[in-house]
Amino acid sequence: MADNKIESVLREDRQFDPPQAFVDGATLKPADVDALRKAAAEDHEGFWADQAREKIDWHKPFTQVLDDSDAPFFKWFADGELNVSYNCLDRHLDTKGDKTAIIFEGDDGEVEHISYRELHARVCRFANALKAKGLGKGDRAVIYLPNIPQAAVAMLACARIGAIHSVVFGGFSAVSLRDRIDDAEAKMLITADGNYRGGKLIPLKETADKALSEGCKTIETVMVYKRSGADVTMADGRDVWWHDAVDGESDQCEPEWVSAEHPLFILYTSGSTGKPKGIQHSSGGYLLGAICTCRWVFDYGDDDVFWCTADVGWVTGHTYITYGPTACGGTQVMFEGVPTYPEPDRFWKMVDTHQVTIFYTAPTAIRALMKHGDEYPQRHALDSLRVLGTVGEPINPEAWMWYREVIGQERCPIVDTWWQTETGGHMITPIASATPTKPGSVAHALPGIAADILDESGAPVTDANAGGILVMTKPWPYMLRTIWGDPERYKDTYFGMFDAHTYVAGDSAQRDEQGNFRILGRIDDVVNISGHRMGTMEVESALVAHKAVAEAAVVSRPHEIKGECIVAFVILKNDDPSDDLAKELRDWVSEQLGAIAKPEEIRFADGLPKTRSGKIMRRLLRTVARDEEITSDVSTLENPQIIDQLQAKGS
Ligand code: ATP
Ligand code: MG
C-alpha cells in the first residue's frame, strides 16, 4: 500500500525527446553518440586513448594509457607531455586569434570582449610576472579573486609555468582562506583589493590580510589586482600590485611542458559533509574530461555562446569556465555579479544581450528565480537559447519543468549533469542531442564512464527503482588523483567501502526501468522510516510541488516507534506560516507519497543553511531538528545567522 504509493511517485512518466530541429542542427548526432558508446564498451582504455590523441595537442605523445599497478592511485597517459594553457590558448591563435574567448560582464554592467590573442598575451605576461617572483613548477599559488577574467588568467598562467593553483572562493572567510593556504603550503597568494557583488563591496584584501596575520608562513608574495579601488594596506616586500608586476613583461612565455600526471590544481570541496578535502587533479586526464564533456553534453560548437553561471571558486567554474570552453576554442560569458541584482531579471537580460546559446546554472538559482515569478524572464527574448544545463544538487521536478517551459520555451533540451569536485567533469548526464530527458533524472553515464549501484554487500542493485550506493567500477582519465597531502584519506574516503577499483561517490541513487539514473542525495541523508528507505529528495520534491512552497529541506530525527521520522524545513512563497498550513502540507505529502512519508513536524523558516555554492546543508538541519548542539564548522555557510533563527523556532 504505502510502499506502492512511494514507488508510483518515483516513476516520472513525463519524457521529452531532443527536438528534431535541435538534432538536425547539432554537431554531435545520435549516431555519433552510439558510436562513442560502442567504442567505449568494447575497449575502455583504447577509447580514452583515441579521445586523448584526437582532442589534445601533445608535446610528447604518450605510449602508456592506464597504469593501475598502484590502485587506487591511477595514472593516465603518464609518459605523455603537454601544457594545459597551450591547449587552451596557443593552439587556437592561427585560426581563431580574433575570436572572442570571453565576454565579461561586471557587477555594474560594464562589458568587455577578450579575444583569444588578447587572452594569450595576458596569460603570458602574468606567467612571466609569476616566474619573476620566484613561482615555479610544482609550487602552489592560492587564488582568491572575484569571478573576473583575471581569475582565469591567473589559473592559466599557473598552468603555463607548471605551478599548481588552488582557488578559494571569494566569499570565504579569513579562517577558511588561512586553512587552505596552510594545507597547500602555498608560496603565493593572488587576490584583489576588493570587488562589488550585488552592489556590495567584498573586501578581499582586508580578509586576506586577516588570514595572513596568523599562520600562512609559507606565503612569500601577495599579488593584488586593482578592481574596486578600495583603500588597502600593502605590506612592504611582500605585496605587489598586479599591474606593476606585469609592467614591462613580455607577451610571450614558453610553456612548461609537463607530464600528463603533473598536478594542475588542488581544489578544496565545499564542505557540505565535513572538513574540506584538497582534491588534486591531473593535467592530461583532467583536460581531456573538460573537452569531451563540453563537446558531448552541451553540443558545444564554434558558433555557440556558452554561459556557466558558476564562480571560478568551484569546480564547475574550473571545468566549465577556465578550462573546458577555452580548450574547445569557444566563446563564453563570464559574470561577476548575482542573479537578482539590480533586479531578478539579470540572468535573462544577459542571455538576450549576449545572445547566449548554452546556459548552465544550479537548482538553487532556478528555485530562487522561479520564486520571483515568470514576469522577469518574460521581459526578455530568450530565443537564442539552445541548451539548458543544471548542476550541484538534485533538481526538483517542479523546478525542472519551470526551467523547460519558461526559460527553454519547450525548445531546449535540459542536461541535468551529475558530477563532483572529485570526478573533474560530467559523469552521469543526458547528452543534449541524443538523450530523451525526464524531470529529476540524470539519465545515463557518459561513454567511457562505468557507473553502477551497489547494495552494502557490494552486490549490484538490479531492481528498478530500488535505491543503493552510487559507484564507478572503472577508473576514468579525469578523476581526482589523491587528496593533497593525505593519500590515506583518499583511499578510505573513495575506495574504502569495497575495493581499490570501486570509487564510492558518497551519493545514493536508483535506476528506473529504462536504466535512467536518479540521484537521491547523500548516502547520509537517506531516511529510514519503519524499515522503508527514502531519499530526502522525494519528500522535498513533493513539498516544492505545493503551490505555497518555494523551497524545502527534509531531515530525519530518531522516533521511538518508527525508528526515524521526518522533519521538514519549509520556505513559503507568499503565505504566512500557520498551523493550518502546516497540517495542509503534511497531508499533501501523505497524499503524494503515502502515509509513511508524512512529516512528523513542519518548521517554517525564512531561509535554509546553504554552502557558499548554494547547496542545502542537511547535516546542520539534522542537528537542529534533533535539538543537539552544533559542533561543526559553520564558517563556510552562506547565511550563518539562519541557524540561530531555526534553533530559536524549534524551542
Ligand atoms: P563536500 O564533498 O565537501 O561535502 P560537496 O559534495 O557539496 O562538498 P561538490 O563536489 O561541489 O561538493 O558537489 C558534489 C555533490 O553535489 C554530489 O556528490 C551530489 O551530492 C551533488 N550533485 C551535483 N550535481 C548533482 C546533480 N545533477 N543531481 C544531484 N546531485 C548533484
Ligand atoms: Mg562531496
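Would it be correct to say that Glu375 is surrounded by fewer than 23 Cβ atoms within 10 Å (Cβ to Cβ), free of Cβ contacts under 8 Å to residues at least 24 places away in the same chain and either more than 21 Å from Val23 (Cα to Cα) or over 17 Å from the mean Cα position of the chain (by Cα) (or both)?
Against the criterion (surrounded by fewer than 23 Cβ atoms within 10 Å (Cβ to Cβ), free of Cβ contacts under 8 Å to residues at least 24 places away in the same chain and either more than 21 Å from Val23 (Cα to Cα) or over 17 Å from the mean Cα position of the chain (by Cα) (or both)), Glu375 qualifies.
From the residues in region 496-515 that are more than 9 Å from ligand 1 (Cβ to nearest atom) and of a type in the set (Asp, Glu), which one is modelled with the highest pLDDT?
Checked region 496-515; the qualifying residue modelled with the highest pLDDT is Asp499.
I need the full set of residues from region 417-434 which are open to solvent by 10 Å² or more (accessible area, probe 1.4 Å) and either modelled with pLDDT under 95 or away from ligand 2 (no atom under 16 Å from the Cβ) (or both), in order please. Before you say what the answer is, go through the steps one by one.
Step one: list which residues in region 417-434 are open to solvent by 10 Å² or more (accessible area, probe 1.4 Å), which gives 418-422, 434.
If the condition is that a residue be open to solvent by 10 Å² or more (accessible area, probe 1.4 Å) and either modelled with pLDDT under 95 or away from ligand 2 (no atom under 16 Å from the Cβ) (or both), then Ala434 is the only one that fits.
Would you point out the residue of region 503-512, among those that are out of contact with any Lys or Arg (no Cβ under 8 Å at 6 or more places or on another chain) and touching a residue at least 40 places away in the same chain (Cβ under 8 Å), that is nearest to Val442 (Cα to Cα)?
By that ranking, first place goes to Ala505.
Residues checked against (1) crowded, with 20+ Cβ neighbours inside 10 Å; (2) closer than 30 Å to Asp303 by Cβ; (3) at pLDDT 95 or above:
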position: Ala40; (1), (2), (3): yes, yes, yes
position: Gly46; (1), (2), (3): no, no, yes
position: Asp70; (1), (2), (3): no, no, yes
position: Asp94; (1), (2), (3): no, yes, yes
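Which residues, counting only those in region 11-38, are within 16 Å of Gly301 (Cβ to Cβ) and of a type in the set (A, V, I, L, M)?
Ala21, Val23, Ala26, Leu28, Val33
Among the listed residues Thr435, Thr429, identify the single one that is under 27 Å from Ile523 (Cβ atoms) and within 10 Å of ligand 1 (Cβ to nearest atom). So that I can check it myself, show each step before the final result.
Values: Thr435 fails: within 10 Å of ligand 1 (Cβ to nearest atom).
After applying the criteria, what remains is Thr429.
Which one is nearest to Pro61 (Cα to Cα) among residues in region 257-276 that are in contact with an Asp or Glu (Cβ under 8 Å, 6 or more places away or on another chain) and buried (at least 24 other Cβ atoms within 10 Å of the Cβ)?
So the residue we want is Ala260.
For the subset of region 75-92 comprising residues that are over 21 Å from Met155 (Cα atoms) and open to solvent by 10 Å² or more (accessible area, probe 1.4 Å), which member is nearest to the chain's Cα centre (by Cα)?
Top of the filtered list is Lys75.
Out of all the residues in region 521-543, which are more than 23 Å from the chain's Cα centre (by Cα), assigned to a helix (DSSP H, G or I) and either within 16 Å of ligand 1 (Cβ to nearest atom) or small (Gly, Ala, Ser) (or both)?
Val539, Ala542
Only one of (1) within 16 Å of ligand 1 (Cβ to nearest atom); (2) surrounded by fewer than 22 Cβ atoms within 10 Å (Cβ to Cβ) fails for Arg518. Which number is that?
(2)
Is it fair to say Glu398 is more than 16 Å from ligand 2 (Cβ to nearest atom) and closer than 18 Å to Met155 by Cα? Give the derivation first.
Working: more than 16 Å from ligand 2 (Cβ to nearest atom): yes; closer than 18 Å to Met155 by Cα: no.
Considered against the rule, which asks whether it is more than 16 Å from ligand 2 (Cβ to nearest atom) and closer than 18 Å to Met155 by Cα, Glu398 comes out as no.
Going by the conditions given, is Gly229 out of contact with any strand residue (DSSP E or B) (no Cβ under 9 Å at 6 or more places or on another chain), under 29 Å from Pro339 (Cα atoms) and touching a residue at least 60 places away in the same chain (Cβ under 8 Å)?
no
Kindly evaluate Asp512 against the criterion of being open to solvent by 10 Å² or more (accessible area, probe 1.4 Å), closer than 24 Å to Gly389 by Cα, within 16 Å of ligand 2 (Cβ to nearest atom) and not β-branched (Val, Ile, Thr).
Answer is no for this residue.
Which one is nearest to Gly485 (Cα to Cα) among residues in region 179-195 that are open to solvent by 10 Å² or more (accessible area, probe 1.4 Å) and assigned to a loop (DSSP other than H, G, I, E, B)?
Per the stated criteria, the residue is Glu185.
Might you let me know whether region 251-268 holds any residue that is part of a loop (DSSP other than H, G, I, E, B), more than 25 Å from Thr326 (Cα to Cα) and not small (Gly, Ala, Ser)?
no
Scan region 439-465 residue by residue and report those that are loosely packed, with under 14 Cβ neighbours inside 10 Å and in contact (Cβ under 8 Å) with a residue 40 or more places away in the chain.
Here is the first cut: in region 439-465, the residues loosely packed, with under 14 Cβ neighbours inside 10 Å are 455-460, 462-463.
Result: Gly458, single match.
Residues being open to solvent by 10 Å² or more (accessible area, probe 1.4 Å) and assigned to a loop (DSSP other than H, G, I, E, B): count how many of those fall in region 324-336.
Going residue by residue through region 324-336, those that are open to solvent by 10 Å² or more (accessible area, probe 1.4 Å) are 331, 335.
Still in the list and also assigned to a loop (DSSP other than H, G, I, E, B): none.
The total comes to 0.
Within region 284-307, is even one residue among the basic types (Lys, Arg) and away from ligand 1 (no atom under 16 Å from the Cβ)? Outline the logic, then answer.
Initially, region 284-307 is screened for residues among the basic types (Lys, Arg), giving 295.
Filter again for away from ligand 1 (no atom under 16 Å from the Cβ), leaving 295.
Within region 284-307, one or more residues are among the basic types (Lys, Arg) and away from ligand 1 (no atom under 16 Å from the Cβ).
I'm told Ser590 meets every condition in (1) among the small types (Gly, Ala, Ser); (2) more than 16 Å from ligand 2 (Cβ to nearest atom); (3) touching a strand residue (DSSP E or B) at 6+ places or on another chain (Cβ under 9 Å); (4) without any contact (Cβ under 8 Å) to a residue 60 or more places away in the chain except one. Can you identify the failing condition by its number?
Here Ser590 meets the rest and fails (3).
The values are calculated or read from the model by the stated rules, or taken from the named source; none is laboratory data. Predicted, not measured: the structure shown is a model, and the values here were computed from it. In this analysis, Cβ positions are derived from the backbone assuming ideal geometry, glycine residues included, and neighbour counts consider all displayed protein chains. We work out accessible area using only protein heavy atoms, side chains counted, and drop any ligands, DNA or RNA first. Shrake-Rupley method; radii C 1.70, N 1.55, O 1.52, S 1.80 Å.
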